[in-house]
1. Can you bin every Cα-Cα distance in region 10-150 into 5 Å intervals starting at zero and give me the percent of pairs per bin, rounded to whole numbers?
2. Once Rh for the chain is found with the Kirkwood sum over Cα pairs, what is the Stokes-Einstein diffusion coefficient at 10 °C and 1.306 mPa s, in µm²/s?
3. Loop only per DSSP, at most 13 neighbouring Cβ atoms within 10 Å: give me the trypsin sites (Lys or Arg not before Pro) in region 209-245, ordered by residue number.
4. How large is ³J(HN,Hα), in whole Hz, for each residue of region 237-251 in order, when computed from phi with the Karplus curve 6.51 cos²θ - 1.76 cosθ + 1.60 and θ = phi - 60°, using x for Gly and Pro?
5. Can you put 246, 26 in order of Cβ neighbours within 10 angstrom, beginning with the fewest?
6. Which residue, 265, 107, 204, has the most motion in a Gaussian network model of the chain that connects Cα atoms within less than 10 Å?
7. If one computes P(r) from the Cα atoms of region 167-291, what percent of pairs lie at distances over 18 Å?
8. If you build a Gaussian network model of the chain, linking Cα atoms that sit under 10 Å apart, which residue out of 170, 81, 99 swings the most?
Amino acid sequence: MFSRLLGVSLCIAAACWAQPTATVALSNGIQLRVSAQSSTGDLGGLKTEMAPASGSSFYRIYRDETGLAVFAYELKVERSADGEQFRVSALPAEQDFAAKYPNADGGKPTPTLSAVLQSPLLDSGGKFSIGVPTNPGLQMTLTDVVSVQMNPRGESAESGLQGSAQIRFAALAVRSGGRLLSSGAAGAIVTGRYAMFYVPGRGGFFFSTELVDRRPFLHAGVVDGKKLTFTIDNEAYDCESEAQILTKAQRDQIWVYHDPNYKPGGNWTKSDASDDSHDQFFTAASDSLSWWLP
């Protein structure tokens, strides 16, 4: 379906019909959104997917109706040292991608970018557009638009998912064994269909209001208003939010998954972008677990 011979065009803030987006919001105020946009108003049966590549990058994968990958590239986000600007890079998906997804395109090399594309430094709200090559017979122009927004701490990041957003962490305080683990996230609010927090030395904790088949989620969390409690790996955790945690219920059980080996990379998850000396606790929310879990 996709031509391996077409060049990839680059444009900034291209105007197209809106298409489904992938969005993640972090407790340091950063919201990253990737939107597939088509000149015809639809994707011609294609489906998009985000999958973790490294701590500061993700694989952007296009699949056809049979599930085969017809195009893929690596999307990387970096913050400037002062934390006020961002640079977005689109890189070819090469050996690491092929090793991770050996049968993505039925055993053939997955089509990808022919060269690295890189944005200038972007201010908050800036957009970077990546042209995706399509078969000329489709008679459409397909573009990924990447936008990065820095919201003031204490202000909720709009994820565009008001209808499905179900979990909210507002200045989440996390304690275990009487020890406060979350001092770095004071004042931060994230809301989404899925939520998570990262604790240095303990890994990532992921939450869903519905059963998740891809990972061994446990129905182990109890939410009562602003409080969340759960026990996992024989460790009890007490979490308290400044706002009601479940947006559609006062009290309920939720699903919990712990990945002790999860560790973010790069500086875009950090409250202080110039601090490379240690990991930092953070919370995040998204419309898809694929931002964090393969």
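Laboratory data are not the source of any read-out in this text; all were calculated from the coordinates shown. Please read these numbers as outputs of a predicted model, since none were measured by experiment. Reconstructed Cβ throughout: ideal geometry from the backbone, glycine too, with neighbour counts over all protein chains shown.
1. All Cα pairs considered, the percentages come to 2, 10, 20, 23, 21, 14, 8, 3, 1, 0.
2. Working: Rh = 19.8 Å.
For these conditions, the coefficient is 80 µm²/s.
3. In loop regions of region 209-245 (DSSP not H, G, I, E or B), the sparsely surrounded trypsin sites (Lys or Arg not before Pro) are 214.
4. 10, 10, 10, 9, 9, 7, 9, 3, 6, 8, 7, 10, 7, 7, 9
5. The order, fewest Cβ neighbours first, is 246, 26.
6. 107
7. Values: 3789 of 7750 pairs.
So the portion of pairs separated by more than 18 Å is 49 percent.
8. With Cα springs under 10 Å in the chain, the top fluctuation among 170, 81, 99 is at 99.
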